[in-house]
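Engineer: Structure in structure tokens, see below.
The values are calculated or read from the model by the stated rules, or taken from the named source; none is laboratory data. Model, not experiment: these values are computed from the prediction. Cβ coordinates were reconstructed from backbone atoms using ideal geometry, including for glycine residues, and neighbour counts include every protein chain displayed.
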Amino acid sequence: MSELVRPEVRRMTGEAELPRQNGELVFDAPWQGRVLGMALALVEQRGLEWDDFRERLIAAIDADPTRPYYESWTAALTDLVIHLGVAGAGEVDSRAAHVEA
Amino acid sequence: MSDHGHHPETLSDVERRARALEELLIEKGIVSAEFIDQVVDAYAQDIGPMNGAKVVARAWVDPEYKQRLLADGTAAIAELGIGGPEGDHIVAVENTPDVHNVVVCTLCSCYPWPVLGLPPNWYKSPPYRSRMVREPRAVLAEMGCEVPDEVEIRVWDSSAEVRYLVLPARPPGTDGASEDELAGTVTRDAMIGVAR
């Protein structure tokens, strides 16, 4: 197993638990994998604890329990990016409005 | 431009936000695209393709299952509890001593997610998508997959309607192996057809 695969990510339980089928991760679309990759890369490269992301993920799920799981990941990642000062909320919104297909 | 049945070129709001975050993280030098790729790849290699490996191993040990898989891939993978939004139209193509199959998506990156997990980064690269159709033997050789001249190469173009899964040949000398052991020998690359 690659050392990039964090045990604490695999072990997440409760509402934050990764969606699995037969024990394996499932993604419904490519962007979901990119969001997972970004969250892990950001935590890794900034030397953060996984809990710094996980707590935001749980908060995002609690804020809107009916929202699809990886949309909550995206909200949590946005929150962490803003918290770290990487970008402002307005900057993320305006960039999203101008992304080209 | 028509999308030829591939993914439409419209993005949902959450896709736009994901793309915006990736662009900002990369532009500001926080993380590199390569590092995100590496992380995604690590998860893909670790946990992604195992569903496909189970399908292949079952086909190797159960000839009747293999016939069902080749006749109706979607129904056969559903027998193993596998399926999902991007696994609706799975067609399995069998490697034989005379035929080697390889899968590409020439227009975008249609891929059988439920069986193969995350697509590798090169699968989406323009050179792979264009050259695999024109000169598959050369591209396969560059990827370390030498196909003998006498073996025909068939290139399958995935789309939103049909997603192909290569059924590799069972390795020689594995007569006594269990289904689980066999599944452990099946790689993602073999199920795309860029390894033998």
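Engineer: I need the full set of residues from the range B:78-125 which are free of Cβ contacts under 8 Å to residues at least 40 places away in the same chain, part of a helix (DSSP H, G or I) and among the aliphatic types (A, V, I, L, M), in order please.
Structural biologist: Answer for the range B:78-125, where residues must be free of Cβ contacts under 8 Å to residues at least 40 places away in the same chain, part of a helix (DSSP H, G or I) and among the aliphatic types (A, V, I, L, M): just B:78.
Engineer: Looking only at the range B:145-159, decide whether some residue is within 14 Å of chain A (Cβ to nearest Cβ), small (Gly, Ala, Ser) and surrounded by 20 or more Cβ atoms within 10 Å (Cβ to Cβ).
Structural biologist: Yes: one or more hits.
Engineer: Quick check on this structure: which one of A:80, A:84 is of a type outside the set (Lys, Arg), more than 7 Å from chain B (Cβ to nearest Cβ) and surrounded by 21 or more Cβ atoms within 10 Å (Cβ to Cβ)?
Structural biologist: Just one listed residue meets the conditions, A:80.
Engineer: Of all the residues that make up the range B:88-100, how many are within 14 Å of residue B:165 (Cβ to Cβ) and either charged (D, E, K, R) or surrounded by fewer than 22 Cβ atoms within 10 Å (Cβ to Cβ) (or both)?
Structural biologist: 6
Engineer: In the range B:105-134, which residue that is under 20 Å from residue B:38 (Cα atoms), of a type outside the set (Ser, Thr, Tyr) and surrounded by fewer than 18 Cβ atoms within 10 Å (Cβ to Cβ) is nearest to the other protein chains (Cβ to nearest Cβ)?
Structural biologist: This residue is B:124.
Engineer: Right, another one. Working carefully through the options B:70, B:21, B:25, find the one that is modelled with pLDDT of 85 or more, in contact with a strand residue (DSSP E or B) (Cβ under 6 Å, 6 or more places away or on another chain) and of a type outside the set (Val, Ile, Thr).
Structural biologist: B:70
Engineer: Something else: Counting only residues that are at pLDDT 85 or above and among the acidic types (Asp, Glu), how many does the range B:35-67 have?
Structural biologist: Summing the residues that are at pLDDT 85 or above and among the acidic types (Asp, Glu) in the range B:35-67 gives 2.
Engineer: Against the definition (in a helix (DSSP H, G or I), in contact with a Ser or Thr (Cβ under 9 Å, 6 or more places away or on another chain) and of a type in the set (A, V, I, L, M)), how does residue A:57 come out, yes or no?
Structural biologist: Yes, satisfied.
Engineer: On to the next question. Among the residues of the range A:87-101 satisfying the criterion of being in a helix (DSSP H, G or I) and more than 9 Å from chain B (Cβ to nearest Cβ), which is surrounded by the most Cβ atoms within 10 Å (Cβ to Cβ)?
Structural biologist: So the residue we want is A:89.
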